[in-house]
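Read-outs: derived from the displayed coordinates by stated rules, not from any lab. Nothing here was measured: the structure is a model prediction, and the numbers come from that model. Neighbour counts run over all protein chains shown; Cβ positions are idealised from the backbone, glycine included.
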Amino acid sequence: MSERNISGTAPAGAAALAALAKARALLEAYGPQLAADAEQARLLSEYFQEILRSHGLMRSKLAFDACAVCAGQGGGASCCFEGAEDWYYPLLLLANLSLGVEPPQGERRPGDCLFNGTQGCGLVARYGICLNFFCPELFARLGEAEMLCLSRAVGRELEAGRLWEECVGRWLIAHGERGWI
Ligand code: SF4
């Protein structure tokens, strides 16, 4: 692990691990109550459906194959990079945990994102920049019309995530929990 993250203030990954610890604490404290909240459950399910749709599109358009080409170069030349994990905040990591996904946090490949595993990104609920970055090679490979489809699917996924986060944020505040803000 390098000594500083992209903002030069702390070891890369430290903020991500702190956010993950907070997400775990939230899940432990409120998981059953949140699961029983009908609006939360509906919005989480809709968010997951949108994630599955955009993942399915990425797979069917062979975009994942294109990304795997880069990820395999020299043991990791993907567009993911060390420090990107620190963008992740407690609610977004809580979404991953709530969907049964355990973010990778073992040894990172040099220069790579902590959450990038051997099978690619180990998260299902991802930050906007992770979802919205499409490299020029991918554009060239898929073409304008397909890229437009993908961008729209990503937009729907992000909007569904935003609605879920708003709902959970309101719920937490109503229950006196502000430590995640
Ligand atoms: S897509 Fe996943 S592995 Fe890549 S930078 Fe984002 S969180 Fe990290």
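Label sites at GLU28 and ALA140, each approximated as a point 7 angstrom past Cα along Cα to Cβ, lie 5.0 nm apart.
In this rough spin-label picture, where each label sits 7 Å from Cα along the Cβ direction, the ALA21-ARG53 distance is 3.8 nm.
Counted residue by residue at 0.36 nm each, then reduced by the alpha carbon distance between them, the extension gain from PHE81 to GLN119 reaches 12.2 nm. For the pair ARG152 and GLU177, label points projected 7 Å from Cα toward Cβ lie 3.7 nm apart.
Normalised by 2.2 N^0.38 Å, where N is the number of residues, the alpha-carbon radius of gyration of the chain equals 1.07.
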